[in-house]
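Accompanying notes for the structure given below.
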Amino acid sequence: MKRLKNVLLSSTALFLLPMLIGAQEPQVTLDFDNAETASQIVQKYVKALHDENVSEMNALLAPNAVVNGLGSGSVSDSLNVAQHKEYFTNSTSAYDHSITRDVYLPVKVNNNWNEGEWVLTWGLNTLTDKESGKEIPVSYHIASIVQNGKIVRMSYYYDMLNIMNLQGYTFMEPTK
């Protein structure tokens with residue numbers, strides 16, 4: 001019985017700990033001073049991809065920027081600025097990028113693990129293989145943090161399975 005009381009007391013203390021130390025709720029707003037500027041920077045980045053201008057894309061990144069989610073095949077799916085440039089130089093050499101249906105949402109987060117001035121963007125990047133002419137539509141989402149007029153972090157999200165299927169890859173159920 002004493003053990004049960006200790007467990008209940010400990011559980012209650014852990015549950016109430018955030019209130020006891022004065023934890024604040026995350027604050028999220030769509031209205032902040034740099035919202036328009038941050039959104040314009042990310043729009044310029046996406047337009048530079050559409051125009052296959054890798055130098056312009058890189059110029060919009062902070063020197064220590066990190067780009068995640070591009071499927072680089074490495075154990076760590078994080079690219080630095082030089083790796084980002086190499087990735088998109090290779091991509092724009094092989095594919096035309098046509099960005100359509102893009103929308104942008106600037107949002108500022110405070111008092112949370114993902115604090116920062118974000119720009120969320122969604123759209124369709126239609127890749128056209130420059131050799132075969134085959135088109136691959138890629139729905140995407142990019143979450144970017146902008147600081148001091150530069151993108152410091154980007155996370156790409158897209159359906160890699162769909163892309164691979166459209167390229168002719170097949171998938172089999174694993175053997176047991």
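The values are calculated or read from the model by the stated rules, or taken from the named source; none is laboratory data. For clarity, every value in this text was computed on a predicted model and none was experimentally measured. A quick note on method: Cβ atoms are made from the backbone with ideal geometry, for glycine too, and the neighbour counts reach across all protein chains shown. Areas reflect the complete protein model, heavy atoms only, side chains present, ligands, DNA and RNA absent. Shrake-Rupley method; radii C 1.70, N 1.55, O 1.52, S 1.80 Å.
Structure summary
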| quantity | calculated |
| --- | --- |
| Met160 vs. criteria of a type in the set (A, V, I, L, M), loosely packed, with under 15 Cβ neighbours inside 10 Å, closer than 26 Å to Ser93 by Cβ and out of contact with any strand residue (DSSP E or B) (no Cβ under 7 Å at 6 or more places or on another chain) | yes |
| Members of the range 28-59 found to be of a type outside the set (Val, Ile, Thr), more than 27 Å from Ile163 (Cα to Cα), open to solvent by 20 Å² or more (accessible area, probe 1.4 Å) and at pLDDT 95 or above, listed by number | Glu36, Gln40, Ala59 |
| 3 or more residues without any contact (Cβ under 8 Å) to a residue 60 or more places away in the chain: qualifying strands (runs of 3 or more DSSP E) within the range 58-176 | 95-110, 116-129, 135-147 |
| Condition check for Asn114: within 15 Å of the chain's Cα centre (by Cα) and either open to solvent by less than 20 Å² (accessible area, probe 1.4 Å) or over 13 Å from Tyr158 (Cβ atoms) (or both) | yes |
| Criterion violated by Glu36 - all others in (1) over 28 Å from Val109 (Cβ atoms); (2) in contact (Cβ under 8 Å) with a residue 60 or more places away in the chain satisfied | (1) |
| Flag for Glu131 being open to solvent by 70 Å² or more (accessible area, probe 1.4 Å), out of contact with any Leu (no Cβ under 8 Å at 6 or more places or on another chain) and at pLDDT below 95 | no |
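Table: residues versus (1) buried (at least 17 other Cβ atoms within 10 Å of the Cβ); (2) on the phi > 0 side of the Ramachandran plot.
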site: Lys108; (1), (2): yes, no
site: Leu127; (1), (2): yes, no
site: Val146; (1), (2): yes, no
site: Gly149; (1), (2): no, yes
site: Thr170; (1), (2): no, no
